[in-house]
Amino acid sequence: MAADALPYPLRLQGSGIVLREWQPDDLEDLVTMLDEPAIARWTPMPSPFDIEAGLAYLKRAQTGRLSGRRIQLAITVDGGEPLGEMLLFGVTGDRREAELGYLVGARHRRRGLATAALTLLSGYACGTLGLGRLLLRIDPCNTASTSVARRCGYRLTGEPPIAQAGPYGPTSLDTWEYVEGLPGPRRQRLRNVAARRYGRRP
Ligand SMILES: CC(C)(COP(=O)(O)OP(=O)(O)OC[C@H]1O[C@@H](n2cnc3c(N)ncnc32)[C@H](O)[C@@H]1OP(=O)(O)O)[C@@H](O)C(=O)NCCC(=O)NCCS
């Protein structure tokens, strides 16, 4: 692993959740989670997402983790059943910027999990990793994702949309950013929002 590789293995805890490494025995839960219309609509996952796709996905995840190029963690409540996924990738050479991504299984949505996971990994990325600017790329029609971004203190950059082709026709992605150095009370408020929201609806 390169000297500037991202930490592996990693376990992050806070805001009522635990982010942990994927494990081989997560395969069944992973396939159930990713073989779903909203995942097919809003993410680049293959659809249908079958056991073979799941095996390839876990293998790629492990390769990415071992190389230290990305952080790819299962969202859990207590380190057990995976309920979603949180990613950090595309770290720039100067280690100032990176992109993040997230998804939550259909059965576990609207419980504050994505808000908690994005808050937790954003805090770790800026605090421990020392990154100064975090990016999200979101289709403006993806209301759930833009709401999560806004709740976690991300804001639209106004950069030109990124055009992409997909199975549902051409779409475009807006860029959202979180810049380290927000005034303290606002950042604290965001942390509190995630903790309160997840605690409120177990
Ligand atoms: C986007 C996604 C990760 C949100 O996960 P989640 O755990 O349900 O999000 P949260 O519970 O933290 O939602 C926080 C807020 O976002 C908004 N929100 C979430 N889902 C929403 C939806 N379907 N419609 C409208 N608003 C929504 C709400 O304001 C919600 O707060 P509320 O429940 O008090 O109204 C999930 O819907 C998902 O996995 N979608 C498919 C994959 C995807 O789009 N990934 C992002 C690609 S950019």
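The values are calculated or read from the model by the stated rules, or taken from the named source; none is laboratory data. Note that the structure is a prediction, hence the values are computed from the model and not measured. Reconstructed Cβ throughout: ideal geometry from the backbone, glycine too, with neighbour counts over all protein chains shown.
For (1) of a type in the set (Gly, Ala, Ser); (2) surrounded by 23 or more Cβ atoms within 10 Å (Cβ to Cβ), each residue gets a yes or a no:
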| position | (1), (2) |
| --- | --- |
| Gly123 | yes, no |
| Gly127 | yes, no |
| Leu135 | no, no |
| Pro140 | no, no |
| Thr143 | no, no |
| Ala149 | yes, yes |
| Thr157 | no, no |
| Pro160 | no, no |
| Pro167 | no, no |
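Evaluation of Asp94 against the conditions (1) over 30 Å from Leu27 (Cβ atoms); (2) at pLDDT 95 or above; (3) charged (D, E, K, R); (4) part of a loop (DSSP other than H, G, I, E, B) shows that the sole unmet condition is (2).
Of the residues Ile51, Ile39, which is within 16 Å of the chain's Cα centre (by Cα), modelled with pLDDT of 95 or more and β-branched (Val, Ile, Thr)?
After ruling out the rest, the residue left standing is Ile39.
For the range 103-121, the condition holds for at least one residue, the condition being that it is buried (at least 20 other Cβ atoms within 10 Å of the Cβ), part of a strand (DSSP E or B) and within 12 Å of the ligand (Cβ to nearest atom).
Out of the range 1-53, which residues are among the hydroxyl-bearing types (Ser, Thr, Tyr), under 24 Å from Ala98 (Cα atoms) and in contact with a helix residue (DSSP H, G or I) (Cβ under 6 Å, 6 or more places away or on another chain)? Scanning the range 1-53 gives Tyr8, Ser15. Pairing residues of the range 101-117 that are over 12 Å from Ile75 (Cα atoms) with residues that are more than 6 Å from the ligand (Cβ to nearest atom) and part of a loop (DSSP other than H, G, I, E, B), at Cβ distances under 9 Å and at least 6 apart in sequence or on separate chains, gives Ala106/Glu36; Arg107/Leu83; Arg110/Arg201; Arg111/Leu83; Arg111/Arg201; Arg111/Pro202. Among the residues of the range 128-171, those that are in contact with a Ser or Thr (Cβ under 8 Å, 6 or more places away or on another chain) and among the basic types (Lys, Arg) comprise Arg137, Arg151.
Every test in (1) more than 10 Å from the ligand (Cβ to nearest atom); (2) part of a loop (DSSP other than H, G, I, E, B); (3) among the basic types (Lys, Arg) is passed by Lys59 save one, and that test is (2).
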